[in-house]
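Data block below; observations after.
The values are calculated or read from the model by the stated rules, or taken from the named source; none is laboratory data. All values reported here derive from a predicted model rather than from experimental measurement. Cβ sites come from the backbone with ideal geometry, for glycine too, and all protein chains shown count toward neighbours. With ligands, DNA and RNA removed, areas are computed over all heavy atoms of the protein, side chains included. Shrake-Rupley method; radii C 1.70, N 1.55, O 1.52, S 1.80 Å.
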Amino acid sequence: MKQIRTPLTGTPLVLPQASHPCGEAQDTPLHPADELAQIRAELSRLHQREDELRRFFREEALEKDLAGTTHTVSVLQHKKRSVDVSKLPQAVLANPRFYRDERRTLVSTSSNAETMPERSTHEHSETAQFTKAQAADTRLN
């Protein structure tokens, strides 16, 4: 097999058995593709926990719950003005002058089915779909 030159040498990690894609502890550097998949899985778990905590502070927390040992949470409300695209005239929506095209790059990860059939595909887009609403919100140059 031909040696590939990777952008990084891989991060030497000692991963707990449950979090490693193979289900085994590993103390050797991960291939960058495996490392990216591992990081995205961990980020997904962390974002889910962040959402749970934010929901708690918005909906259930009492004043005494806001101050921890080393950090304090502030809950603030503010208004945000946005354009309601559904109320724009069709002449504006159909006019290409009000839109801009941007080239986006997608980096995704998927399991190697022949080596690990029990893993599921995990895909992550680094960019969001550019919608008409976003186009309406952007300043024209």
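Distance between the pseudo-spin-label points of LEU106 and LEU88 (7 Å out from Cα toward the beta carbon): 2.4 nm. Note on the range 54-100: with neighbouring protein chains present and a 1.4 Å probe, carbon and sulfur make up 52 percent of its accessible heavy-atom surface.
Ranked by the mean number of other Cβ atoms within 10 Å of their residues, highest first, the peptides 74-84, 32-42, 90-100 fall in the order 32-42, 90-100, 74-84. Once the convex hull of all Cα atoms in the range 54-98 is built, its volume per residue stands at 133 Å³. If you sort the three axes of the alpha carbon gyration tensor as a ≥ b ≥ c, you get a/c of 1.5 or more for the range 24-101 and a/b no higher than b/c, which makes it oblate.
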